[in-house]
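Read the structure below first, then the notes.
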Amino acid sequence: MTAETRKKILNSLLTPILAVICGLAVAAVLILITGVNPLAAYAQLFKAGFSCAEFKRCNLFTTFQLATPLMLTGLSAVVAFRSGLFSLGQEGQLILGGMTAAWLGYAIHLPPVIHPVVAIVAAMLVGGIYGWFPGMLKVRLGVNEIISTIVLNSIANLFVLYLINFPLRADRSTTAHSLPIDETARLVAFASGSKWGIGFILALLAAVLVYLYLWRSSPGYEQRMAGQAPFFARFGGIPSEQAAIRGMFISGMLAGLAGAIQALGVHYRMLDGFSGGLGFDGVTAAILGQVHPLGTVIAATFFAGLRQGAQVGLQFSFKIPRELGGGIIALMILFVAADQLFRHHIDRVDALWQRLRGKTSMKELS
Amino acid sequence: MDLALEMRSIYKYFPSTQVVANRRVDLAVKRGEVHALVGENGAGKTTLMNILYGLVKPDEGTIYVNGQEVQITHPDEAIRLGIGMVHQHFKLVPSFTVAENVMLGLEPNSLGVLRKMEEIEGLRRLAAEFGLPVNPTARLRDLPVGLQQRVEILKALQRQAQILILDEPTAVLTPQEARDLFTVVRRLAAGGRTVIFITHKLVEVMEVADRVSVMRRGELIGTKLIKETSIREMARMMVGREVLFRLDPKPAHPGQTVLDVKNLVVAGTGGIPAILNVSLQVREGEILGIAGVNGNGQTELVEAITGMRPVEGGAVVLLGQDITRLPVGARRRAGMAHIPEDRMHIGLNLATSLDENLIVTRYKLPMFNRLGFLLKPAIRQLSANVVERFAIAAARPGDGIATLSGGNLQKVVLGRELTGQPKFIVANQPTRGLDVGSIEFVHRTLLEARDRGVAILLVSVELDEITSLSDRITVLFRGQIVSEMNVAEATEEKLGLLMAGSSL
């Protein structure tokens, strides 16, 4: 392994790991303030998030279920970021995708397998179009994609709220929701007690496809070059604008898929509060995961476990508010963003590694 | 010996790039001398001067100013010790007047109210004292580059600089402006100031310096009296081997016209035409050189020909095919190659591997691409070939290129552009910032391509480069071609005048 590859790997591993440790350390202070021993709290948190007592009551399965949409919105962010567009539109694409899947889930009647496939494909298309739109605005009119995607999130959210409150409202219950989907449209769960199911496999498959697309295919190459070095891409003859729009479309499709899985495999309908911040949490998972599919899958699972652990482990056992889970995640992101804090230490670790290997170190050079 | 400055055993290691920039460098500069500091890019000149100016902290070593050991931890400290630095990229405020720039931070005032007249008067006195006339009330952005540099020098002198560091000061100047600068530098030295002159142009060293120190790979190879050295010796010290200066190109045998540019009009920033009615032809097997001072439309002309900038009027014809409206990719497929002026941001993607840098112009070819998937082994093979053929030291196919030296980066660009069997090459400032060894390599590569029958359009602000490589020469001034001549008729004097806008 060359010095450079080693350093790259070291860097992309150490930054998130150190951020996680720092995040947990700072959160420990917050736990201490509530009068609970942080070590005991963390033990409980991780047990609740990542353990598996028995097949029927497995915390880990729930974590996987919670991780599934995060993985997909995270992958959506990876694809957009890698084409140089900081799209935050996952939330809106997810809601519209979910709405599409839920509506097709009860409005049309198809045999099993075909029914969810049709609903998922349609949801991905709708999500894709909702991603393509800000991509076009950016390329043709120079509209900043951060702003346009955030605005489009609100539009999608309000539009779906309108739909389930008025034309598609199922009943007069206090929270608005649509009719439930047909049995034929449901995504199967692997074990009773959680809704961990086919969607998880789809998310992992998506991660593999995103990796192959970005790093093995020529359209992915175009997209990465346009994102990393726009002048270079233009100079080399890469159709950067097409690449950016394509990236936004794929990004939207992935978020739309996340929505479809939530609608067909978790909620079985569209309802008020459908997303609960899955879009933004996916973006944070992508950032902690170093904007790489593998890192994003791991970070999404980790986040889901923290959330689950904070709710079950901390809130139920110690009466610590479950919001702490979100707090810990936020702290970690803060430390990832401040990775310059670690950069110096990573260099030192690298230098130490070289010295141990007996390679050229500073002293020998002098 | 009266030393103005002594740096002893300076050692600096950058852990982030794993480069030892200075290896126990000893530099002694006498009072009142012009001391040239030469070396390749990456030889450690700039690091050494940044240490002296308090911008970089050395790992080891001591600095003596006027025989006193000093700790320079911040530029303020350097200024207090009488060290001034004129950076390659001026640190001036374009919207301020000359006087405001020079007096920035030292404005004469009564209780916070500026005394403008005094400021202007002060500058007049300073300018007169050093014989550096400027108009104190002119806006900086309206001044030509040569005068802006003069303002930088005045700014350092206003701060009582006794030791003046000039970092590549001639890179942005016309030959005439450079000569003016040399006069100023000599006058400052005669007046007792010490000048450290960083450059990689050895001709200038001979012209302006008293002594020269040569650096190579972080080490100070030696210090020589100018009277006792030669360009050839300095080049050998810089590169570590003999360097050919004149390549003595074989006579050209131009064939049919390859590139035909007709009445080209290109908009610049703000809608003012940057290129106005330019027509030129390049034939196969010849090099057409375009001389001119930076900023006279070179960038726009090259970008219009290569498809990176839209054309307002006129036509670009390559091998009989009208390519005026074609995108970059189609032009490249038609046989065009491009060596851009900015290899760091345009010519290369420093964030990725050598492989991915090399395939940017050909990732769609069936050789490297099957059904939309990149064929890694073929790409790896291409990289290995380029590394070998172009002798790119320290580059390995799968690795990143960010740590390569300027010369090696340019070899990566050349490797990519020349292995595509181009019919026509645009080379814009192909040797900017390179050391003599790399310049020789670039020049030889271009001449070999010409001898194979490639048509080459060479755009350069270096007159030497234009006159030693070109078969025909034109001058670009304010977006127009002002003259065309054969290389035999072109003298530096003549070209210099045309570049400055005078007619012959």
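The values are calculated or read from the model by the stated rules, or taken from the named source; none is laboratory data. Model, not experiment: these values are computed from the prediction. Methodologically, a virtual Cβ is constructed for each residue, glycine included, from the backbone with ideal geometry; neighbour enumeration extends over all protein chains shown.
For this structure, a couple of remarks:
- Residues of the stretch A:83-94 satisfying the condition of being surrounded by fewer than 24 Cβ atoms within 10 Å (Cβ to Cβ) and more than 13 Å from the chain's Cα centre (by Cα): A:G84, A:F86
- Considering the stretch A:212-276, the qualifying helices (runs of 4 or more DSSP H), each wholly inside and each with 2 or more residues that are in contact (Cβ under 8 Å) with a residue 40 or more places away in the chain, within 28 Å of B:L371 (Cβ to Cβ) and away from chain B (no Cβ under 14 Å), run over A:240-262.
- If you go through the stretch B:469-504 and pick out every residue that is assigned to a helix (DSSP H, G or I) and at pLDDT below 90, you end up with 11.
- Residue check, B:K224 assigned by TED's automatic domain parsing to the domain that holds B:V19, more than 19 Å from the chain's Cα centre (by Cα), surrounded by 15 or more Cβ atoms within 10 Å (Cβ to Cβ) and without any contact (Cβ under 8 Å) to a residue 60 or more places away in the chain: yes
- Residue in the stretch B:403-413 that is buried (at least 23 other Cβ atoms within 10 Å of the Cβ) and either assigned to a loop (DSSP other than H, G, I, E, B) or among the β-branched types (V, I, T) (or both) present: yes
- Selected residue (criterion: surrounded by the fewest Cβ atoms within 10 Å (Cβ to Cβ)) from residues of the stretch B:335-355 that are more than 7 Å from every other protein chain (Cβ to nearest Cβ) and free of Cβ contacts under 8 Å to residues at least 60 places away in the same chain: B:D342
- Residue list for the stretch A:302-322, filter: without any contact (Cβ under 8 Å) to a residue 24 or more places away in the chain and aliphatic (A, V, I, L, M): none
- Against the conditions (1) part of a helix (DSSP H, G or I); (2) surrounded by fewer than 20 Cβ atoms within 10 Å (Cβ to Cβ), B:M238 satisfies every one except (2).
- Search result, residues across the stretch B:332-381 that are farther than 20 Å from B:P430 by Cα and of a type in the set (K, R): B:R333, B:R362, B:K364, B:R370, B:K376, B:R380
- Condition check for B:L140: in the same structural domain as B:G191 (by TED's automatic domain parsing) and exposed (fewer than 12 other Cβ atoms within 10 Å of the Cβ): no
- When the stretch B:414-433 is limited to residues that are within 17 Å of B:M344 (Cα to Cα) and in a loop (DSSP other than H, G, I, E, B), the one that is modelled with the lowest pLDDT turns out to be B:G433.
- When the criteria are applied in full, B:A21 fails the requirement of being surrounded by fewer than 18 Cβ atoms within 10 Å (Cβ to Cβ) and in contact (Cβ under 8 Å) with a residue 60 or more places away in the chain.
- Some residue of the stretch B:212-224 being outside any loop (DSSP other than H, G, I, E, B) and within 14 Å of another protein chain (Cβ to nearest Cβ): yes
- Of the residues examined, B:A4 is not one that is at pLDDT 90 or above and within 25 Å of B:D435 (Cβ to Cβ).
- All positions within the stretch B:356-373 that are in a helix (DSSP H, G or I) and facing another protein chain (nearest Cβ under 9 Å): B:E356, B:N357, B:I359, B:V360, B:T361
- Flag if A:G97 is crowded, with 22+ Cβ neighbours inside 10 Å, more than 22 Å from the chain's Cα centre (by Cα), in a helix (DSSP H, G or I) and touching a residue at least 12 places away in the same chain (Cβ under 8 Å): no
- Qualifying residues in the stretch B:374-402 (those that are among the β-branched types (V, I, T) and either in contact with a Ser or Thr (Cβ under 8 Å, 6 or more places away or on another chain) or not in a loop (DSSP other than H, G, I, E, B) (or both)) - the one modelled with the lowest pLDDT: B:I401
- The residues of the stretch A:22-59 that are at pLDDT below 90, in a helix (DSSP H, G or I) and of a type in the set (V, I, T), listed by number, are A:I31, A:I33.
- Hey, B:A252 under 23 Å from B:S468 (Cβ atoms), without any contact (Cβ under 8 Å) to a residue 40 or more places away in the chain and among the hydrophobic types (A, V, I, L, M, F, W, C) or not: no
- Whether a residue is of a type in the set (A, V, I, L, M), under 27 Å from B:E177 (Cα atoms) and assigned by TED's automatic domain parsing to the domain that holds B:A351 was assessed, and B:L409 does not pass this test.
- Qualifying residue in the stretch A:188-204 (condition: among the charged types (D, E, K, R), away from every other protein chain (no Cβ under 14 Å) and either surrounded by 18 or more Cβ atoms within 10 Å (Cβ to Cβ) or in contact with a helix residue (DSSP H, G or I) (Cβ under 6 Å, 6 or more places away or on another chain) (or both)): yes
- Per this entry, B:K376 is not counted among residues that are charged (D, E, K, R), away from chain A (no Cβ under 14 Å) and free of Cβ contacts under 8 Å to residues at least 40 places away in the same chain.
- Of the set (1) under 22 Å from B:L52 (Cβ atoms); (2) buried (at least 21 other Cβ atoms within 10 Å of the Cβ), all apply to B:L202 but (1).
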